[in-house]
Each structure stands twice: as structure tokens, then as C-alpha cells.
Amino acid sequence: MCIAAPAQIVEINDNVAVVDFGGVRQNAKLDLVEDVEVGRYVLVHSGYAIEVLSDQEAKDSLEAWEELLKVLDEEDNQ
């Protein structure tokens with residue numbers, strides 16, 4: 001299964017962004033997206049930003065990830 005995770009762009013250098021996954025930063029190539037800027041959220045898969053998210057899509061996606069992480073944490077603590 002392949003999963004794309006939402007991340008916020010914190011820096012752009014040429015065609016590579018530094019993105020933040022809730023405190024974890026990594027590089028993501030921007031070859032597949034247009035109109036990106038610092039502060040926007042993107043979906044990242046395998047080191048590539050694959051979609052620029054609207055503010056509402058980013059909010060919804062981040063909330064879904066938080067819920068998933070809570071469920072996984074509860075399962076680990078059982």
C-alpha cells in the first residue's frame with residue numbers, strides 16, 4: 001500500500017522544498033506540482049510533492065492523520 005502524507009512547505013531551494021511533517025523535516029522534489037510557496041501544504045509520496053492542498057484539504061487531511069495516530073497509539077498500549 002502506498003500512502004501520501006500531508007506536509008507544510010517551510011523552504012524552497014530551486015525545485016526542492018524542505019517540508020515539515022509535524023516536526024520532522026525532509027526534502028521533497030517539486031517536479032510534479034505547480035504554484036507552490038512557503039506555508040502551503042502538499043501531499044508527499046516517495047520524496048515527491050504530488051499535490052498542492054487547499055487550506056481546507058490540508059486541515060481535513062491533518063485531522064485524519066491525527067485520528068489515525070491516536071488509534072494506532074491505543075492499539076500499541078493494549
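A few notes on this one:
- Residues (over 16 Å from E57 (Cβ atoms), touching a Leu at 6+ places or on another chain (Cβ under 9 Å) and in a strand (DSSP E or B)) located in segment 7-20: I12, V16, A17
- Residue match in segment 55-68 (condition: among the charged types (D, E, K, R), surrounded by 14 or more Cβ atoms within 10 Å (Cβ to Cβ), under 11 Å from A7 (Cα atoms) and modelled with pLDDT of 90 or more): no
The values are calculated or read from the model by the stated rules, or taken from the named source; none is laboratory data. Keep in mind it's a predicted model, so treat the numbers as computed, not measured. When we count neighbours, we look across all protein chains shown, and the Cβ atoms used for this are built from the backbone with ideal geometry, even at glycine.
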